[in-house]
Amino acid sequence: MKNRLEELRNKKGWTQQELADQVEVSRQTIISLENDRYNPSILLAFRLAKLFELKIEDLFIFSEEVWHEWSREMVETKNQH
């Protein structure tokens, strides 16, 4: 899922580690989020949005393409079991 995390973190002048410490995750989690390789839990999404004083939907960009990709993954996972 696309997000504005790196842009907003840079505006605050925070390192990835500083942001990670504030929301109690690893620096690797922040790196993965910024590189769109990881979708956050709802709890982490709320923490990040609150920290930046934004709504979740203003921090994370959810598109139809993301929805279709997620749906395909869910079907594939179900079919593997």
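Read the figures in this text as sums done on the coordinates, not as results from a lab. Note that the structure is a prediction, hence the values are computed from the model and not measured. Backbone-built Cβ (ideal geometry, glycine too); neighbour counts: all protein chains shown.
Numbers for the structure displayed
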{"item": "Set of lysines with alpha-carbon distance to K11 below 29 Å, sequence-local pairs under 8 removed", "result": "K2, K50, K55"}
{"item": "About the Cα centre, charge dipole magnitude for the chain (Lys/Arg +1, Asp/Glu -1 at Cβ), debye", "result": "180 debye"}
{"item": "Charge dipole (the chain, unit charges on Cβ, about Cα centre) - positive-most of S63, L19, S32", "result": "L19"}
{"item": "The chain: most fluctuating residue of I31, I61, I42 per GNM, C-alpha cutoff 10 Å", "result": "I42"}
{"item": "0 to 90° range, to nearest 10: angle between helix 42-51 axis and the chain longest Cα axis", "result": "30 degrees"}
{"item": "Overall Cα dimensions of the chain - principal axes, largest extent first, Å", "result": "44, 23, 19"}
{"item": "Shape call, region 1-40: gyration tensor on alpha carbons, a/c limit 1.5", "result": "oblate"}
